[in-house]
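Just below is one structure, and these are the notes that go with it.
The values are calculated or read from the model by the stated rules, or taken from the named source; none is laboratory data. The structure displayed is predicted, hence computed values, not measured ones. So basically every Cβ, Gly included, is an ideal-geometry build from the backbone, and we count neighbours across all protein chains shown.
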Amino acid sequence: MMEPTSADEAVEVFDLAVGDLLRTSAFKANKERMRTIKDLDGAAIMLREVWLKIRSVAEIPDGDIRAALDEMDLAAVHAAADDLARGIAAAQAEEADRLRQALAAEQQRREQAVTAAAVAEQAREAAAQARADAAGEADRLRTELTNATSALRTAHQQREEAVTAAAVAQALLHEQETSRVSRRSR
């Protein structure tokens, strides 16, 4: 389970990446739209003019719509309608492709953020385990130091007792020697 801080950082990274994606997406869409809008506007204006002419002829009771159509360059009208339809379809297809690519890239970024958060969590757990191991080793070393200190005190005390015993023995030997010498001299 991720710590709240790790999860918050992963969400923050994801939020920043999505914000960046949206800004980039809007910029690219606007740039593409500006490139094709001039052509599409021309086609739309031509189709509007044709519609207005047909509508004005239709409003006249004796108006002849066929005659009005014969006066128009229908090939240009068809071409404008086709250009407009293709332009809109192409723009929609490009936008859909761009959004699919952006979504795939964002999904990859999200997966990387989740992986990074999981790695961070594993590192945190490993650090916690290392701290626990180090604390256990420190306790073991303290115990060994306490035992060594106690053994050293005991050895020092035994040495003191041995030095005292040696001094007493030497004093007794010296006293015996002195007593022997004084018995012989008598």
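All of SER150, SER182 fail the test of being surrounded by fewer than 10 Cβ atoms within 10 Å (Cβ to Cβ) and either aliphatic (A, V, I, L, M) or more than 30 Å from GLU12 (Cα to Cα) (or both), apart from SER182.
Only one entry in GLU121, GLU125 is assigned to a helix (DSSP H, G or I), touching a helix residue (DSSP H, G or I) at 6+ places or on another chain (Cβ under 6 Å) and surrounded by 10 or more Cβ atoms within 10 Å (Cβ to Cβ), namely GLU121.
Considering region 92-118, the residues that are surrounded by 15 or more Cβ atoms within 10 Å (Cβ to Cβ) and either among the hydroxyl-bearing types (Ser, Thr, Tyr) or in contact with a Ser or Thr (Cβ under 6 Å, 6 or more places away or on another chain) (or both) include one that is nearest to ALA44 (Cα to Cα), namely ALA102.
Annotation note: of ILE45, ILE60, the sole residue that is β-branched (Val, Ile, Thr) and at pLDDT 80 or above is ILE60. Checked against (1) under 30 Å from THR24 (Cβ atoms); (2) at pLDDT 80 or above; (3) surrounded by 11 or more Cβ atoms within 10 Å (Cβ to Cβ), LYS53 meets all criteria but (1). Being part of a helix (DSSP H, G or I) and under 30 Å from GLY42 (Cα atoms) holds for only one residue in ASP82, ASP139, ASP133, and it is ASP82. Scan region 65-97 for residues that are among the basic types (Lys, Arg) and modelled with pLDDT of 80 or more and report the count. Selection size over region 65-97: 0.
Working only within region 54-75, note down all residues that are in a helix (DSSP H, G or I) and in contact with a helix residue (DSSP H, G or I) (Cβ under 7 Å, 6 or more places away or on another chain).
ILE54, VAL57, ALA58, ILE65, ALA68, listed by residue number.
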